Amino acid sequence: MIDFSFVIPVYNSIDTLEPTYKGINDLMQKTQTSFEVIFVEDNGIKESWRRLLELKKTYPNQVTIIKLTKNFGQNGATLCGISEANGKYIVTLDDDLQVNPSEIEKLIVKQKETNTDVVFGNYKEETQHYLRNLGSQLIKKLFNKLEGGANVGSSVRLISSAMAKNINRHSQDHIFLNQILSWYTYDVQFVEIDRNHRKEGRSGYSLFDLLRISFRLLFLYTSIPLKFMLAICIVSSITSLALAGYYIYQHFALGHGLGFLSLVVIAISLILASNSVMGIYINRLYNSRFQKPHFSIKIKM
């Protein structure tokens with residue numbers, strides 16, 4: 001059995017691909033462990049696939065390349081690579097070389113020390129825009145406080161093959177790997193790793209994309225919106241009853257008009273907001289009926 005499988009989703013990267021492989025090879029030679037590298041090309045530019053073909057030709061025994069039929073996103077491409085991995089441990093790594101493969105040694109050492117299911121690499125310094133950092137921190141705190149300590153880690157992970165099997169069997173209409181892992185285990189460790197500036201291109205996630213992902217995480221993996229609406233409705237109901245009593249008192253004691261219009265507006269607004277939230281969760285149930293695959297392989301070499 002291979003010791004380590006490295007899964008690398010590829011989207012529009014070219015010049016970082018071979019250095020990434022060489023960095024992995026150097027680390028594995030240092031630790032004297034067997035390995036494979038699985039590059040999953042997520043239907044980006046053609047030059048990325050051409051470069052992967054060159055890598056496969058140069059390193060035929062260690063490199064597996066996969067081309068997807070369309071763009072399935074980072075989680076879908078990573079899940080594809082995990083499903084094809086043969087290693088005792090699976091390491092997921094980005095294709096942009098912001099994290100040098102040598103940093104993976106820290107994850108390997110931590111796993112050996114703790115025999116944990118999952119090890120995440122957390123970045124020492126956040127080099128992103130402060131708004132992106134703020135959004136990331138808010139999401140982490142939100143999940144940790146309200147969802148029992150979900151593992152909102154980075155995309156640099158070391159996963160045991162047992163956890164990989166759980167992921168491959170998991171049925172969900174939208175996949176976010178870190179949240180899936182937190183469903184199966186709390187036996188998780190974190191290590192600090194260095195992150196460099198991007199060597200090529202720019203981030204595939206704009207601020208809008210990150211906000212959209214955060215929104216989907218909230219509705220697809222938590223019941224936070226339902227709990228929030230329930231709390232608002234309870235408080236509003238109590239407030240409305242108190243106001244109704246006040247208006248009735250004003251009417252009979254002082255002869256003022258009832259003035260229920262404001263109460264009606266508040267009630268209608270709450271009903272519409274509640275229906276919107278419930279509609280999103282009903283749509284989740286509807287989508288779960290189809291069991292759509294999270295990826296589709298066009299070429300595997």
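The values are calculated or read from the model by the stated rules, or taken from the named source; none is laboratory data. What you see is a predicted model, and the numbers here were worked out from it, not measured in a lab. Using ideal geometry, Cβ is built from the backbone for each residue, glycine included, and neighbour counts are taken over all protein chains shown.
Candidates in the range 65-79 are the residues that are modelled with pLDDT of 90 or more and touching a Pro at 6+ places or on another chain (Cβ under 8 Å); of these, the one that is farthest from Thr33 (Cα to Cα) is Ala77. In the range 34-117, counting only strands (runs of 3 or more DSSP E) that sit wholly within it, the ones holding 2 or more residues that are more than 25 Å from Asp15 (Cβ to Cβ) span 87-92. Assess whether Leu107 counts as being touching a helix residue (DSSP H, G or I) at 6+ places or on another chain (Cβ under 8 Å) and of a type in the set (A, V, I, L, M, F, W, C). Against the criterion (touching a helix residue (DSSP H, G or I) at 6+ places or on another chain (Cβ under 8 Å) and of a type in the set (A, V, I, L, M, F, W, C)), Leu107 does not qualify.
If the condition is being exposed (fewer than 15 other Cβ atoms within 10 Å of the Cβ) and either over 18 Å from Ile108 (Cβ atoms) or within 20 Å of the chain's Cα centre (by Cα) (or both), then the range 1-21 contributes Asp15, Pro19. The helices (runs of 4 or more DSSP H) found entirely in the range 153-227 that carry 1 or more residues being modelled with pLDDT under 70 are 207-221. The residues listed here are Ile82, Ile24, Ile108; of these, the one that is buried (at least 19 other Cβ atoms within 10 Å of the Cβ) and closer than 21 Å to Asn168 by Cα is Ile82.
Any chance the range 6-15 includes a residue that's free of Cβ contacts under 8 Å to residues at least 24 places away in the same chain and either in the same structural domain as Thr92 (by TED's automatic domain parsing) or part of a helix (DSSP H, G or I) (or both)? Checked the range 6-15: no residue is free of Cβ contacts under 8 Å to residues at least 24 places away in the same chain and either in the same structural domain as Thr92 (by TED's automatic domain parsing) or part of a helix (DSSP H, G or I) (or both).
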